[in-house]
Amino acid sequence: MLDLHCHLLPAIDDGAADLDMALEMARMAVADGIGTVACTPHIYPGLYENAGEGIRAAIAALQARLDEAGIALRLVEGADVHLVPGLLPAIRAGTVPTLAGSRYLLLEPPHHVAPPGFEDAVFGFMAAGLVPVITHPERLSWVEDHYATFLRLSRRGAWMQVTAGALTGRFGRRPQYWAQRFVGEGHCMLLATDAHHPRRRPPLLAEAREAAARLVGAEEAALMVAGRPQGIVGDRPPGELPEALALRDATAVASGEGAWPRLRRLFSGRR
Ligand SMILES: [Fe+2]
């Protein structure tokens, strides 16, 4: 599996606090079946002033320590890019890294307010030839009033990345409910750990792959943790990769061969 959202680099943001913690998280990831991790520290002006050059140097340093320690994990670059105005020139200049240098950009919307012009901003990235990968829509406090916005973006080619731990209930019932909606209704393209800590936010993906498989089948679940992330790392155009299940196989989802009956059972009596 490939985990394309992980705060593994030591002492660069609110993820791994030091090298020992990064190595512990890396060992956990490998034991879980993860072979490639994108190191995606926050880029958040005024809070985490990370930039491409520093991220790449930190990745090279950590990769050397992993290799020395015999931990079979391949690191690629990335960033958890907070949505602010003026990102495009910084992306073109390489100061804001995309995932593994590809056209896929990990984009973090604000947590507590729907930003004005959100859809326009996302379309702006698409018009520039990027594929925005929207991080953890299921954990945003404003998803409840804006679920349709995310489905519209998904239909138009933005990718939704659901947090593995949200799907398995590690973030509580509301994020789990929305994670199950995104996955079960066929709009989740990727699962990633967004790991920050070995215990509080662990780098575990396999349990979420199993949870996704119960909703949409093993094949689609494997696409979320291996097939599509591999395509991103290889910078394959999105048109060459399997699109969201709801778009690819709407009849299966709607007719009940997909997620609907299981979702109904899951949600009956819960809300
Ligand atoms: Fe993150």
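Can you give the % of DSSP beta bridges in the chain that are antiparallel, to the nearest 5?
Around 10 percent of the beta bridges assigned by DSSP in the chain are antiparallel ones.
Loop by DSSP (not H, G, I, E, B), at most 16 other beta-carbon atoms within 10 Å: where is the longest site-free stretch of the chain for GluC sites (Glu not before Pro)?
Maximal segment without exposed cleavage sites: 50-256.
With unit charges on the beta carbons (Lys and Arg positive, Asp and Glu negative) and the dipole taken about the Cα centre of the stretch 2-267, which residue among 42, 177, 70 sits farthest to the positive side?
177
Using a Gaussian network model of the chain with C-alpha springs under 10 Å, which one of 184, 78, 231 is most mobile by mean-square fluctuation?
231
In what sequence do 209, 200 fall when counting other Cβ within 10 Å, fewest first?
200, 209
According to the Kirkwood expression over distinct Cα-Cα pairs, how big is the hydrodynamic radius of the stretch 2-267, in Å?
The answer is 18.3 Å.
How big is the charge dipole of the chain about its Cα centre, in debye rounded to the nearest 20, if each Lys and Arg gets +1 on its Cβ and each Asp and Glu gets -1 on its Cβ?
It works out to roughly 880 debye.
In whole Å, what are the extents of the stretch 190-236 along the principal axes defined by its C-alpha atoms, from largest to smallest?
32, 28, 10
Taken together, the values in this text are just the output of simple stated rules run on the coordinates, not laboratory data. Just so it is clear, the model here is predicted, and its values are computed rather than measured. Cβ atoms come from the backbone with ideal geometry, glycine included; neighbour counts cover every protein chain shown.
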